[in-house]
Amino acid sequence: MDRVRFAIVGCGEIAVATAEGIAAAAHAALSMAMDTVQSLAQDLAHRFGGRATTNFEEVLTSPDVDAVYIATPHYLHAPMAIAAAQAGKHVLLEKPIATNVADAKAIISHCEAEGVTLGIAFLAQVDQACQEVRRLLAEGAIGEVVGVRYAVLADKPAHYWRGGYTQRVQTDWRGSKAKAGGGILIMNLIHNFNAVRFLTGLEATRVYGEYGTYSTPVEVEDLVFATVRYHNGAIGCVEGGSAVRGGAAGADGDRIFGTEGQVVLGREVRVYSASGAAGLPAGEWTTMTPDQPAVRARLVEEFALAVLNGEQPPVTGYDGLKALEIVEGIYRSGELCQPVYLPL
Ligand SMILES: NC(=O)c1ccc[n+]([C@@H]2O[C@H](COP(=O)([O-])OP(=O)(O)OC[C@H]3O[C@@H](n4cnc5c(N)ncnc54)[C@H](O)[C@@H]3O)[C@@H](O)[C@H]2O)c1
């Protein structure tokens, strides 16, 4: 086998970008596109190859499917990933790994028991700028990490809640606590938690959160603030909103603060090193541009190579679990009005 043959399960908004990634990846091919909405499955099969189906069982029993890429609403991630693993299919699963930590652990243990590869569709691990920043931090470019600021300040349009940004699918799951698991925290900030963990190696040990729904007619939170404590003693703050009218106004983007410098993670990635460690110019900012266009092809390619070579994928189920732990910890903390200790 020189190519991993994928079935796409859930042919909505993000599946289009991943189908393009499968088409561009040297060691991947599309065998099947599955969605309960026939026209969406047919659209991807027509554009990217393979056959269309509305029947998930057909995906599980097809011998020409080696791996499933699951891009369905969040509450379906756990049952679909576990069913795929039990059918012997490798699993590339969209974020969040699940709506809760217990389900995430069940997915990981089923995939381990069945001997299939489990990957999560976070992008930091396959983004070249993030890989470079990780190397710089490991070489001491900003000294010891003492703080993190997470900020996702979005002004999501009303139509987002009915059909995402593209309106490819008319649906209600994004605003449903049961179907999505939450709002801006589990939908967006989870990427940031994963990215900072990848860049710094820091593990969160305690969170305290407050959140609510203020400006949007949905069940999930549209504003969240939280603090985080890390295993090395570093501290972090989380600011997230999906109804921040006017948006970030230039103030978006995470920051990693070190004893000798800082990193700004925005559309551009910028690193400042006071000491000039890791080969950086002392006392100056260095700018790197994330390579977004190629990043999904790289995610698919590295997952496929991991399957073919029997190696760990670039983003593991454990990575998915650790990012979700921060999310669930903040939700629990907000409900309990208490700090919550991690791991859960
Ligand atoms: N990694 C990223 O950067 C990124 C970006 C956007 C979305 N996502 C994630 O991708 C997933 C999907 O998001 P989306 O924006 O594409 O949503 P979407 O609503 O546009 O698409 C979901 C698709 O799943 C289909 N579906 C629903 N129930 C199904 C079932 N039982 N069997 C098969 N298909 C079913 C729907 O018909 C729809 O086509 C979510 O987990 C989301 O968080 C990831």
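The values are calculated or read from the model by the stated rules, or taken from the named source; none is laboratory data. Quick caveat, the model's predicted, so the values are computed rather than measured. Backbone-built Cβ (ideal geometry, glycine too); neighbour counts: all protein chains shown. All accessible areas refer to the heavy atoms of the entire protein, side chains included, with ligands and DNA or RNA removed. Shrake-Rupley method; radii C 1.70, N 1.55, O 1.52, S 1.80 Å.
Roughly what angle does helix 13-24 make with the longest principal axis of the chain, taking Cα atoms, 0 to 90 degrees, to the nearest 10? Tilt relative to the chain: about 80 degrees. Between SER31, SER242, SER176, the GNM of the chain built on Cα springs shorter than 10 angstrom shows SER176 fluctuating the most.
Multiplying the sequence separation of PHE225 and THR259 by 0.36 nm and subtracting their Cα-Cα distance, what value in nm do you get?
Fully extending the segment from PHE225 to THR259 adds 9.8 nm.
For the set ASP2, ASP319, the ranking by accessible area, highest first and with no ligand, DNA or RNA atoms included, is ASP2, ASP319 under a 1.4 Å probe.
Taken as Cα centroids, segment 129-175 and segment 203-253 sit 11 Å apart, rounded to the nearest whole angstrom. Taking θ as phi - 60° and the Karplus parameters 6.51, -1.76 and 1.60, the scalar couplings of segment 157-164 work out to x, 4, 5, 4, 6, 9, x, x Hz in sequence order, x denoting glycine and proline. Close amide H contacts of GLY253 (hydrogens built in the peptide plane, cut-off under 5 Å, sequence separation of 5 or more or a different chain): ALA151, LEU153.
Using DSSP to call loops (not H, G, I, E or B), can you name the trypsin sites (Lys or Arg not before Pro) in segment 247-344 whose Cβ has at most 12 other Cβ atoms within 10 angstrom?
Sites meeting the loop and neighbour criteria: ARG267.
The string of couplings for segment 193-204 from the Karplus curve (6.51, -1.76, 1.60, θ = phi - 60°) is 4, 5, 5, 5, 4, 5, 6, 10, x, 6, 10, 6 Hz, one whole number per residue in order, with x for Gly and Pro.
Taken as Cα centroids, segment 54-83 and segment 288-344 sit 20 Å apart, rounded to the nearest whole angstrom.
The H on the amide N of VAL4, modeled in the peptide plane, is under 5 Å from the matching H of ALA28, ALA29, each at least 5 residues off or on a different chain.
Can you tell me the FRET efficiency between ASP172 and LEU308 if r is taken as the Cβ-Cβ distance and R0 is 35 Å, rounded to the nearest 0.05? The value I calculate is 0.35.
Site-free segments of the chain were taken between GluC sites (Glu not before Pro) in DSSP loops having at most 15 other Cβ atoms within 10 Å, sites themselves excluded; the longest one is 1-138. Cross-link check: pairs LYS177/LYS322; LYS105/LYS177; LYS95/LYS179 evaluated at a Cα-Cα cut-off of 18 Å; pairs beyond the cut-off: LYS177/LYS322; LYS105/LYS177.
Computed extension length for ASN188-ALA158: 9.1 nm, one decimal, from 0.36 nm per residue of separation with the Cα-Cα distance subtracted. Once the chain from GLU112 to GLU132 is taken as fully extended at 0.36 nm per residue, the excess over their C-alpha distance is 4.1 nm.
Each residue, ALA26 and ASN55, gets one label point 7 Å from its Cα in the Cβ direction; the gap between the two is 3.8 nm.
Sites listed here are chymotrypsin sites (Phe, Trp or Tyr not before Pro) in segment 124-217 whose DSSP assignment is loop and whose Cβ has at most 15 other Cβ atoms within 10 Å: TYR165, TYR214. Taking one quarter of the surface of the convex hull spanned by the alpha-carbon atoms of the chain gives a direction-averaged projected area of 16.5 nm².
Between the amide H of VAL244 and those of ALA154, ASP155, LYS156, distances stay under 5 Å, these residues lying 5 or more places away or on another chain, with hydrogens modeled in the peptide plane.
Phi angles across segment 40-49 convert, under the Karplus curve 6.51 cos²θ - 1.76 cosθ + 1.60 with θ = phi - 60°, into 3J(HN,Hα) values of 6, 5, 5, 4, 5, 5, 5, 7, 10, x Hz, Gly and Pro given as x.
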